[in-house]
Amino acid sequence: MTITTHATLGAVIGASTGNIWIAFLIGFASHFLIDIIPHGDRELYEGHKTKTAVKRAYRFVTIDALVAVIVLALMFGLSPHQGMNAVIAAGVIGSVLPDLIVGIHEAWNPKKLDLFSKIHFFFHNMISDRIGDVRLRNALIGQAVFIIALQKFF
């Protein structure tokens, strides 16, 4: 999933729970659960790993991060949940932290994160290893619809 999708879901989780620790933990768990859904980034990741499309992967992540910041800024700015910023932020942090940890593992390869990375990719590839991935374009459209639908609950 994109950072934007994870972060938006984390914000909704935070607003729904009202508890900073529960928001963080459910946000963290939600990351793995929605990563099970094939979401079109397998080819992008493989291109990064094999060094055949590193710039494309970096561009994608950069654009995704900028979109996430804009979506979250709008959500926070228009939020009816006054005084819940810390709880919402905890949900967001929990929901994007697994990708940050994997990014640290990819960049510096600390052996302490090997198991976490394996667990992450177990969920990430659970279905796409069996049936294949979807086209990135279709996945992005589906995620955009999901993000718009989540706004109803925020």
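Only residues that are closer than 12 Å to Met1 by Cα and polar (S, T, N, Q) were counted across region 139-152, and they come to 1. Going by the conditions given, is Ala90 hydrophobic (A, V, I, L, M, F, W, C) and loosely packed, with under 12 Cβ neighbours inside 10 Å? No, not satisfied. In region 69-77, is there at least one residue being modelled with pLDDT under 90 and closer than 15 Å to Met1 by Cα? No, every residue in region 69-77 fails to be modelled with pLDDT under 90 and closer than 15 Å to Met1 by Cα.
Give region 143-153 a look and list any residue that's touching a residue at least 12 places away in the same chain (Cβ under 8 Å) and either among the polar types (S, T, N, Q) or part of a helix (DSSP H, G or I) (or both), or say none.
We begin by selecting, within region 143-153, every residue touching a residue at least 12 places away in the same chain (Cβ under 8 Å); these are 143, 146-147, 150-151, 153.
Selection gives Gln143, Phe146, Ile147, Leu150, Gln151.
Here region 25-59 is the region considered, the condition is being in contact with a Pro (Cβ under 9 Å, 6 or more places away or on another chain) and within 22 Å of Arg130 (Cα to Cα), and the residue that is surrounded by the fewest Cβ atoms within 10 Å (Cβ to Cβ) is Phe32. Filtered by the rule that a residue be of a type in the set (Val, Ile, Thr) and either outside any helix (DSSP H, G or I) or surrounded by fewer than 19 Cβ atoms within 10 Å (Cβ to Cβ) (or both), region 60-75 gives Val61, Thr62, Ile63, Val67, Val69, Ile70.
If you go through region 106-123, how many residues are more than 21 Å from the chain's Cα centre (by Cα) and of a type in the set (D, E, K, R)?
So the first thing to find is which residues in region 106-123 are more than 21 Å from the chain's Cα centre (by Cα), and the list is 110-112.
Applying the additional criterion that residues be of a type in the set (D, E, K, R) yields 111-112.
Counting residues in region 106-123 that are more than 21 Å from the chain's Cα centre (by Cα) and of a type in the set (D, E, K, R) gives 2.
Just one of the listed residues (Asp133, Asp99) is assigned to a loop (DSSP other than H, G, I, E, B), at pLDDT 90 or above and either among the charged types (D, E, K, R) or on the phi > 0 side of the Ramachandran plot (or both), and it is Asp133.
Could you list, in sequence order, all residues of region 46-104 that are among the hydroxyl-bearing types (Ser, Thr, Tyr) and under 25 Å from Ile22 (Cβ atoms)? Within region 46-104, Ser79, Ser95 qualify.
Conditions tested, residue by residue: (1) over 24 Å from Met84 (Cα atoms); (2) part of a helix (DSSP H, G or I); (3) at pLDDT 95 or above; (4) in contact with a strand residue (DSSP E or B) (Cβ under 9 Å, 6 or more places away or on another chain).
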residue	(1), (2), (3), (4)
Ile13	no, yes, yes, no
Ser16	no, yes, no, no
Ala23	no, yes, yes, no
Ala29	no, yes, yes, no
His39	yes, no, no, no
Glu46	yes, yes, no, no
Tyr58	yes, yes, no, no
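The values are calculated or read from the model by the stated rules, or taken from the named source; none is laboratory data. Just so we're clear, the structure is a prediction, and the values are computed from it rather than from any experiment. Virtual Cβ from ideal backbone geometry, glycine too; neighbours counted across all protein chains shown.
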